[in-house]
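The values are calculated or read from the model by the stated rules, or taken from the named source; none is laboratory data. Model, not experiment: these values are computed from the prediction. Here Cβ is always computed from backbone atoms with ideal geometry, including for glycine, and neighbour counts include all displayed protein chains. The accessibility values were calculated without ligands, DNA or RNA, using every heavy atom of the protein model including side chains. Shrake-Rupley method; radii C 1.70, N 1.55, O 1.52, S 1.80 Å.
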Amino acid sequence: MLAFRIIPCMDVDAGRVVKGTRFVNIKDAGDPVELAREYYVQGADELVFLDITASHEKRNILIEVVRKVAKQIFIPFTVGGGIRATEDMRAILKAGADKVSINTAAVKKPELITEGAMKFGSQCIVIAIDAKRNKNSWDVYINGGRTKTEKDAVEWAIEAERLGAGEILLTSMDTDGTKDGFDIELTKTISEKIGIPVIASGGAGTLEHFLDAGKKGKADAALAAGIFHYQKYAVRDIKKYLAERGVCVRE
Amino acid sequence: MIAIIDYGAGNVASVKNALDFLKVKSIITDDPKKILLADKVLFPGVGSFGDTMKSLREKRLIPAIKKTIETNKPFLGICLGLQVLFEESEESPGIEGLGIFKGKVKRFKKKLKVPQIGWNSIVLEKQDGTVQGLNNKFFYFVHSYYVVPQDKSIILTTTDYGGIFVSGISKENIYAFQFHPEKSGDDGLEILKRFARC
């Protein structure tokens, strides 16, 4: 049986992990490779690196990070942030990433999903959706949540699958950062409407939240950042909790 | 020295990284001569069945792969490197596979999410050093198709995804897995390490 995946996410700015960490056993908490290694040892099923480098000139640093991570971490990892063309995808995949995550560019230019899927395979193309509730539906936001679009999140997820996306990384802007739990309704609605895996993101604060993401939200995976960075729980704590409650996880 | 066959589409860098990490010497090559000279051959694959066969043909790699297997030189196929060992695939009707083993490659029924992406466990169907002790361990899969061998004696591991399918085969020195040992954490590295030593 396929295991429910636990995915730590790291924000990277000019080659350094930001939103600091409190790992006592890590010498340099800003080093993406060292932090990735820590999560790998803890039993993370995958990793996501989100590049938030604003300066265009410094973006090449990311490629070097990807290359280093690929040499030391033997689980799949995804890189997202600022990918605008298939050439950006190629550079990241060639450096050793297994998947690329695309958000704003996919909304602006949906054919990019198909082009990426044709060139590199659907399994490489993760479409990240930032969704925010608007009465009875969810709007899609781009540019790091700053710009509202006309797209409906559920419709967009369905379209992304049709265009060739391999997975949906679904972040609820309403729950993100709250530590009050994933947006179960949003996650469940989208997960039941599409045939590709959904990664729930935004709001993880307790062990129970991960259980809910899978059981109630029907997600295939859960992504979190803060809960791991601040060492509230290690990946293995979450997995132990889930396994004790009958969820299939890789222990 | 392990020759990693590079036919243009495979995720060869990941495999090379894993072998480097294990301090196992390897080269990435599309040169049939180098493949024939290597002690062992590793054949990683991604992409489609048809495209892979086309690239192998264009790069004149088929005789070298067949020779490797006929001479019982240690061989490890990964993902599509497992599937093309068979005769044909539902993915690319009319395209002949390497036909080293009898049987075909079938698509998962749309009962569950296809492709299968993620970690699934293996059950050992026979004893073999490469997978010993790894019963029920999880490995990373990304695929929509699975092999159905005619000769059941080659089945090494099986996995459950809406039904039991063959996730690994072996015959003498020939090994091939549907999952990606190079992306399956320490258990995956263990398989690569054992292959390198076999």
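Just for region B:77-121: of the residues that are among the basic types (Lys, Arg) and touching a strand residue (DSSP E or B) at 6+ places or on another chain (Cβ under 6 Å), which one is farthest from residue B:35 (Cα to Cα)? Ranking the candidates gives B:107 first. I want to confirm something. Restricting to region A:191-228 and keeping residues that are within 14 Å of chain B (Cβ to nearest Cβ) and basic (Lys, Arg), which single residue is farthest from residue A:174 (Cα to Cα)? Selected residue: A:193.
In the set B:122, B:169, only one residue is open to solvent by less than 10 Å² (accessible area, probe 1.4 Å) and farther than 25 Å from residue A:122 by Cα; that residue is B:169. Inside region B:12-59, residues that are within 11 Å of another protein chain (Cβ to nearest Cβ), open to solvent by 50 Å² or more (accessible area, probe 1.4 Å) and either assigned to a strand (DSSP E or B) or more than 18 Å from residue B:193 (Cα to Cα) (or both) make up a count of 2. All conditions but one from (1) out of contact with any strand residue (DSSP E or B) (no Cβ under 7 Å at 6 or more places or on another chain); (2) modelled with pLDDT under 95 apply to residue A:225; the one that does not is (1). Note on region B:1-11: among residues that are surrounded by fewer than 19 Cβ atoms within 10 Å (Cβ to Cβ) and touching a Lys or Arg at 6+ places or on another chain (Cβ under 9 Å), the one that is nearest to the other protein chains (Cβ to nearest Cβ) is B:8.
For region A:167-178, the set of residues classified as surrounded by fewer than 24 Cβ atoms within 10 Å (Cβ to Cβ) and within 14 Å of residue A:197 (Cα to Cα) is empty.
Please return the ranges of strands (runs of 3 or more DSSP E) entirely within region A:1-116 where 3 or more residues are within 12 Å of another protein chain (Cβ to nearest Cβ). Result: A:5-13.
The lone criterion from (1) open to solvent by less than 10 Å² (accessible area, probe 1.4 Å); (2) farther than 15 Å from residue B:175 by Cα left unmet by residue B:133 is number (1). Selection over region A:125-157 of residues that are within 20 Å of the chain's Cα centre (by Cα) and at positive phi gives a count of 3. Residue B:65 meets each of the listed conditions (1) open to solvent by less than 70 Å² (accessible area, probe 1.4 Å); (2) touching a Pro at 6+ places or on another chain (Cβ under 7 Å) apart from (2). Here the condition is being open to solvent by 30 Å² or more (accessible area, probe 1.4 Å) and in contact (Cβ under 8 Å) with a residue 12 or more places away in the chain; of A:193, A:239, it holds for A:193 alone. Right, residue B:113: charged (D, E, K, R), free of Cβ contacts under 8 Å to residues at least 40 places away in the same chain and under 19 Å from residue B:180 (Cβ atoms) or not? When the stated conditions are applied, residue B:113 passes them.
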